[in-house]
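The values are calculated or read from the model by the stated rules, or taken from the named source; none is laboratory data. For clarity, every value in this text was computed on a predicted model and none was experimentally measured. When we count neighbours, we look across all protein chains shown, and the Cβ atoms used for this are built from the backbone with ideal geometry, even at glycine.
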């Protein structure tokens with residue numbers, strides 16, 4: 001899963017990452033994948049279901065559409081408001097290219113962020 005590779009890269013840079021999942025089921029899948037996506041990898045992480053996050057957790061998986069205090073990077077499994085995204089120094093949005101509706105939604109989100117003054121970078125996998 002590409003999200004796990006991104007999480008691993010940001011963690012290896014010593015940055016704290018919040019992964020914003022769409023729902024509890026997706027959060028659980030990401031949690032499982034971070035343990036198993038590659039045998040030689042370890043990305044310490046935790047599921048955050050409330051308002052408080054253990055300050056020692058470098059990667060937090062949430063479903064809340066708000067920043068968990070202390071996290072500077074955000075990995076979006078879907079979308080969040082521009083207001084929430086602006087609280088992070090880095091935002092990564094995964095684009096689903098094999099679903100036309102999701103691709104259109106991602107393009108619209110890109111435009112919205114650009115119109116709000118975000119510096120955007122497109123990276124193909």
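Does residue 113 fit the bill of being modelled with pLDDT of 85 or more, exposed (fewer than 15 other Cβ atoms within 10 Å of the Cβ) and assigned to a helix (DSSP H, G or I)?
No, not satisfied.
Pairs please, first residue from the range 47-72 and within 20 Å of residue 29 (Cβ to Cβ), second anywhere and at pLDDT below 80, Cβ atoms under 7 Å, 6+ apart in sequence or on different chains.
Short answer, once both residue conditions are applied: 60/53; 68/53.
Residue 96 is checked against (1) assigned to a loop (DSSP other than H, G, I, E, B); (2) in contact with a strand residue (DSSP E or B) (Cβ under 9 Å, 6 or more places away or on another chain) and fails just one. What number does that condition carry?
Against the list (1) assigned to a loop (DSSP other than H, G, I, E, B); (2) in contact with a strand residue (DSSP E or B) (Cβ under 9 Å, 6 or more places away or on another chain), residue 96 comes up short only on (2).
Only one residue in 57, 68, 43 is within 15 Å of residue 90 (Cα to Cα) and either in a loop (DSSP other than H, G, I, E, B) or at pLDDT 90 or above (or both), so which one is that?
Exactly one residue qualifies, and that residue is 68.
Here's a check for you: in the range 20-64, which residue that is surrounded by fewer than 16 Cβ atoms within 10 Å (Cβ to Cβ) and in contact with a helix residue (DSSP H, G or I) (Cβ under 7 Å, 6 or more places away or on another chain) is farthest from residue 78 (Cα to Cα)?
Among them, the one singled out is 41.
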